[in-house]
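Just below is one structure, and these are the notes that go with it.
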Amino acid sequence: MKTNSISLSVNGEDHTLDVQGNETLLDTVRHALFLTGAKMSCEEGRCGSCTLLVDGNAVASCIVLTSDLDGASVTTIEGLQVGGKLHPVQEAFLEATGLQCGYCTPGMVMSCVSILDKDPTASEEQVRTKLSGNICRCTGYVKILDAVRLVQQGHQGHQGQEARS
Amino acid sequence: MTMTDPTEWKVVGKSILRVDGLDKVTGNTVYGSDFSLPGMLTGKILRSPYPHARIVSIDTSAAQALPGVRAVLTGADTSGTTFGFQGVISKQLADKMPLERDKVRFIGDEVAAVAADDEHTALTAIDLIEVEYEELPAVFDPFAAREPGAPVIHDGVDGNVVDIFDYGSGDVDGALAAADVVVSGEFYSSPVHPVAMETHQALADWDAAGRLTMYASTQMPFQLRTHLSHVLGLTEGDVKIAKMPTGGGFGGRMEMHPLDPIAALLAKQTGRPVRIQYSRAEEFLATRFRHPIHMKMTLGAKADGTMTAFDLDMLLDSGAYVAQASGVARVGSKNAMTLYRVANTRVHSEVAYTNNPYASAYRGYGNPQVNFAHEVLVTELAEKLGIDEIELRIQNGNKPNTESYFGQLIGSCEYEQVLRKGRELSNWDEIHGKKQRNGSKVRGLGVASCINVGGGARDQGDSDSSGCVLIMQDDGSVTVNTGGQEIGSGGSTVFAQIVAEELGVSIDRIHLEQSDTDLMPWDIGAHAQRNVFCAGNAVLTAARETKQVLIEEICRQLECAAEDVSIHGSNVYIAGMSDPQATIPEIARGAHFRPGGQLIWGKGFYDPPTIKTDPKGYGNQSAAYSFGAQFAEVEVDVETGHVDVVRLVGTNDVGVAINPAGVEGQIEGGALQGIGQATTELMHIENGELLNSMMHNYGVPTALDAPPILAHIVESSEPTGPFGAKGVGEATIVPTCAAVTNAVYDAIGVRITELPLSPERILDAIDAQGEPA
């Protein structure tokens, strides 16, 4: 199959990649760059487990072709931490117990980052609408929405392991 | 288990952060689907396009000849040994082969498999396999399957009834004749899929000596080892199951699926590691889901509200193979029989084969289906009696420290409180019966309740055991090696809390190890909400033994008496001296490095004091019972038929909540899965063909569909549980369908008896009743 050479910045690192025409962005990050945080689940852009940021926009990477992304800048869950510090959305998911099996979590976190970047004061209804492309089968979304609320309240994160009951 | 004083607990009862949380929010967790081995090949399975057909011939030559194909397998390459999760109970229940040899029994049945260098080649090779089939008459309706002359799906099972039982006690006919009020109905609970976010995968690798390692995403590694070794003609010692973090269990990962032995056989043939990863469509089609059940139920009561008769006739559509259908039928029946104290009970259950895809375990395991019929009928019964339905439930419900008519020893039981708290939190008295109307939308509030095993479940074979080994390391940190499994529900965090509380070691110095079946102590597995209870008890026992060894070691090193030793944080104190005399790390290191040293460790193996349910349904199969109720508030649009669950209150008696946030998460998640089953989820199976095998057309609720869910924990203290805890994971999905159905009845006065509550069904029911109320 024909390959194209493209440049892609992933988590701030520039890559020149030879990609096949049918290679998805999810394939590229998982198999070429060994970034396995983003997950394959529905294969049709419906569940959001593969959500990545492309030029700041949340996309379902399982239905985006890498060859179309020459020059793009991609952020994966592995690139969210700055200086070893968790992103506030990651902190909030931990604090609110916004996860169980964790398989949807990387995609869910990336979507929440995007939602809050674009509209830090989004209402719960707006957040629910924008998160409806990310399916979680464990949590009933209750504590995921709690996590978003924690970020909106400027929560600075959990220090250590003290109880919070 | 003797209990310490709850007011002194530092870690138990607190919503500490999940011990697996940091890896999960950073994408560091390596799930089975993320893990690969050098030289790994891709395996794919060819499935039957026919619901029932004889395999006449299979020509694999074109597939074999394709460059990049490393192996092609058919049933002829297998041992022909059949397997089935409940094959230990009866040989007839072992009815599946990894690759079928003679005949296929559903659209999706496994026929052949390939291993190739990459996925594209494997898929191409699958298409090149030519199978000649001779189509056979098929049957898709379980009632028709029982009729004389129906196609025989499994040789030797004439009439296609693979399992049949009668539970009961007392005189049901007499009680019904003497009852003041009798209600009766026919119900159908539809097939729904767990839809775990990670699809099933298997990665098999053999070493040079012929020992198999499976990197598996399973709830029951030791059961997988047993079944896999059996079907491969090996013994357990020849197989190692490496337990991988799991993207959702929900019962769907209890049993061995055909892909496990197929991956093993492909790896054996190629001498290379082989991974099979199911596509989402295969996940829907070829993994297990909730049984559709047809139920005919009759209840009788005296005018004072005393329930006197319970009569259930049910038929499960097992699909093409039996899997866990016999267990599902029994568990569902037993729960319904014992939700209320009813002196006269009769259950007749049959499990029929059809040529549909085959069902098995899914969170609740039969209980959600039967509870749907039961709790909808109880609401009708209350109405006919003219008794408040919550009070009727409390009047007939279980009480603490009683024995049920079927021998269950009900210890802790806050059934009354889960209903009373739910009544208050759901604003029952303000909303129920008011039929508040807003345009075409009418509001209703419905309730349903449940019982569920909460202290293990002696239903699978004879074991309900869990093992644990704790080892204190040089620096005083503790490795908890438990057979109890983390499948997402938070078991590992609870285990760490139990160890932290008992040993006084801080949570961040405790490391959970769920490695593989060579190292993990034996455990039956994570099912039946038994993980916290059974594995937790094993962890607690191991922690106590470790503490005893630690104190002996302190006495040896510090030359003191055990009764003078106390430990605060990581400091060791001796009576009469105000300064710490040593630290735990010093003692731990000293234990290893002194001449004649010793390991500071402990073991626990817990098997609850229970017995299997006997052929009439009698027996205390669990060491504790868990109770719950849900109050669903709905808006029914009488013009469109749309049912919107706008709020749900879930109340559960969980014993002591070791991690309250974790318990809330179980209540919230279970409730939304239940709402999905009640309203939008359905496997559309027509003439044996699954028509909606993708995420976009199946109907899993999204954040937009999900209502606010209020999870309320009603604590009790269960004397047999670790720190008083009971199980909770299953009970949270059991009453949802009935609660939503009762809410729809409250809103519009139509009682739906088939799931899901789709707009078509609502509109049809409204039409059938004439003008809505």
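The values are calculated or read from the model by the stated rules, or taken from the named source; none is laboratory data. These numbers were taken from a predicted model, which means no experiment stands behind them. Neighbour counts run over all protein chains shown; Cβ positions are idealised from the backbone, glycine included.
Considering (1) part of a loop (DSSP other than H, G, I, E, B); (2) touching a Leu at 6+ places or on another chain (Cβ under 9 Å), say which one residue B:71 fails and leave the rest.
With respect to (1) part of a loop (DSSP other than H, G, I, E, B); (2) touching a Leu at 6+ places or on another chain (Cβ under 9 Å), residue B:71 is out only on (1).
Give me the residue from region B:348-380 that is in a helix (DSSP H, G or I) and of a type in the set (D, E, K, R) and, out of that set, nearest to residue B:433 (Cα to Cα).
The residue in question is B:380.
If residue A:3 meets every condition in (1) surrounded by fewer than 23 Cβ atoms within 10 Å (Cβ to Cβ); (2) away from chain B (no Cβ under 11 Å); (3) in contact with a strand residue (DSSP E or B) (Cβ under 6 Å, 6 or more places away or on another chain); (4) under 18 Å from residue A:134 (Cβ atoms) apart from one, which number is that one?
(4)
Out of B:326, B:333, B:318, I need the residue that is buried (at least 24 other Cβ atoms within 10 Å of the Cβ) and either in the same structural domain as residue B:219 (by TED's automatic domain parsing) or touching a Gly at 6+ places or on another chain (Cβ under 9 Å) (or both). Which one?
One residue alone meets the criteria, B:333.
Regarding region A:80-94, can at least one residue be identified that is touching a residue at least 40 places away in the same chain (Cβ under 8 Å), over 30 Å from residue B:673 (Cα atoms) and exposed (fewer than 15 other Cβ atoms within 10 Å of the Cβ)?
No, region A:80-94 has no match at all.
Mind checking which residues of region B:1-50 are touching a Phe, Trp or Tyr at 6+ places or on another chain (Cβ under 7 Å) and at the interface with chain A (Cβ under 8 Å from one of its Cβ atoms)?
B:25, B:31
Just one of the numbered conditions (1) part of a helix (DSSP H, G or I); (2) surrounded by 15 or more Cβ atoms within 10 Å (Cβ to Cβ) is not true of residue B:174; which one?
In the conditions (1) part of a helix (DSSP H, G or I); (2) surrounded by 15 or more Cβ atoms within 10 Å (Cβ to Cβ), residue B:174 misses (2) alone.
Counting residues that are among the acidic types (Asp, Glu), which strands (runs of 3 or more DSSP E) fully inside region B:235-347 reach at least 1?
Filter on region B:235-347 gives B:307-319.
Is it true that residue A:19 is outside any strand (DSSP E or B), modelled with pLDDT of 95 or more, buried (at least 18 other Cβ atoms within 10 Å of the Cβ) and more than 9 Å from chain B (Cβ to nearest Cβ)?
no
Residue by residue through region B:188-212, note down the ones that are surrounded by fewer than 24 Cβ atoms within 10 Å (Cβ to Cβ), under 25 Å from the mean Cα position of the chain (by Cα) and over 23 Å from residue B:694 (Cβ atoms).
Selection gives B:188 alone.
Of these, B:89, B:126, which one is assigned to a loop (DSSP other than H, G, I, E, B) and in contact (Cβ under 8 Å) with a residue 24 or more places away in the chain?
That would be B:89, the only listed residue that is assigned to a loop (DSSP other than H, G, I, E, B) and in contact (Cβ under 8 Å) with a residue 24 or more places away in the chain.
Just name the residue that is nearest to residue B:631 (Cα to Cα) out of those in region B:389-408 that are assigned to a loop (DSSP other than H, G, I, E, B) and of a type in the set (S, T, N, Q).
B:398
Just to verify a result, which residue in region B:132-151, among those that are under 14 Å from residue B:351 (Cα atoms) and outside any helix (DSSP H, G or I), is farthest from the chain's Cα centre (by Cα)?
Per the stated criteria, the residue is B:147.
Answer yes if at least one residue in region B:596-619 is within 42 Å of the chain's Cα centre (by Cα), more than 29 Å from residue B:465 (Cα to Cα) and not small (Gly, Ala, Ser), and no otherwise.
The answer is no; no qualifying residue exists.
Given the conditions (1) out of contact with any Lys or Arg (no Cβ under 6 Å at 6 or more places or on another chain); (2) under 11 Å from residue B:163 (Cβ atoms), report the number of the one that residue B:352 does not fulfil.
All conditions pass for residue B:352, except number (1).
Please verify whether residue B:568 is modelled with pLDDT of 95 or more, surrounded by fewer than 20 Cβ atoms within 10 Å (Cβ to Cβ) and over 19 Å from residue B:13 (Cβ atoms), treating the condition exactly as stated.
no
Find the helices (runs of 4 or more DSSP H) located wholly in region A:33-149 whose residues include 1 or more that are more than 18 Å from residue B:700 (Cβ to Cβ), in contact with a strand residue (DSSP E or B) (Cβ under 6 Å, 6 or more places away or on another chain) and within 11 Å of another protein chain (Cβ to nearest Cβ), and list them.
Answer list for region A:33-149: A:105-118.
Hey, among B:385, B:392, B:377, B:381, which residue is touching a residue at least 60 places away in the same chain (Cβ under 8 Å) and within 30 Å of residue B:289 (Cβ to Cβ)?
Just a single option satisfies the conditions, and that option is B:377.
I'd like to check something: does region B:429-448 contain any residue that is of a type in the set (D, E, K, R) and in contact with a Cys (Cβ under 7 Å, 6 or more places away or on another chain)?
Within region B:429-448, not a single residue is of a type in the set (D, E, K, R) and in contact with a Cys (Cβ under 7 Å, 6 or more places away or on another chain).
Mind checking whether some residue in region B:759-773 is part of a loop (DSSP other than H, G, I, E, B) and at pLDDT 95 or above?
No, every residue in region B:759-773 fails to be part of a loop (DSSP other than H, G, I, E, B) and at pLDDT 95 or above.
Taking region B:616-658 as the search range and keeping residues that are part of a loop (DSSP other than H, G, I, E, B) and hydrophobic (A, V, I, L, M, F, W, C), which one is surrounded by the most Cβ atoms within 10 Å (Cβ to Cβ)?
Per the stated criteria, the residue is B:654.
Which residue out of B:187, B:222 is among the aromatic types (Phe, Trp, Tyr), in a helix (DSSP H, G or I), more than 14 Å from chain A (Cβ to nearest Cβ) and under 23 Å from residue B:330 (Cβ atoms)?
B:222
Have a look at B:98, B:38 and point out the one that is buried (at least 22 other Cβ atoms within 10 Å of the Cβ), within 23 Å of residue B:274 (Cβ to Cβ), outside the structural domain of residue B:317 (by TED's automatic domain parsing) and at pLDDT 95 or above.
Within the list B:98, B:38, the selection yields B:98.
Of all residues in region B:18-33, count the ones that are buried (at least 21 other Cβ atoms within 10 Å of the Cβ) and either part of a helix (DSSP H, G or I) or of a type in the set (A, V, I, L, M, F, W, C) (or both).
Residues in region B:18-33 being buried (at least 21 other Cβ atoms within 10 Å of the Cβ) and either part of a helix (DSSP H, G or I) or of a type in the set (A, V, I, L, M, F, W, C) (or both): 6 in total.
If you take the residues of region B:660-698 that are of a type in the set (S, T, N, Q) and in a helix (DSSP H, G or I), which of them is farthest from residue B:48 (Cα to Cα)?
B:666
Return only the number of the condition from (1) more than 8 Å from chain A (Cβ to nearest Cβ); (2) within 26 Å of residue B:417 (Cα to Cα); (3) in contact with a Ser or Thr (Cβ under 9 Å, 6 or more places away or on another chain); (4) of a type outside the set (Asp, Glu) that residue B:669 does not satisfy.
With respect to (1) more than 8 Å from chain A (Cβ to nearest Cβ); (2) within 26 Å of residue B:417 (Cα to Cα); (3) in contact with a Ser or Thr (Cβ under 9 Å, 6 or more places away or on another chain); (4) of a type outside the set (Asp, Glu), residue B:669 is out only on (1).
Residue check: is residue B:760 in contact (Cβ under 8 Å) with a residue 40 or more places away in the chain, more than 22 Å from residue B:446 (Cα to Cα) and out of contact with any His (no Cβ under 9 Å at 6 or more places or on another chain)?
The answer is no for residue B:760.
Test residue B:691 against the criterion of being surrounded by fewer than 19 Cβ atoms within 10 Å (Cβ to Cβ) and either aromatic (Phe, Trp, Tyr) or within 14 Å of another protein chain (Cβ to nearest Cβ) (or both), and give yes or no.
No.
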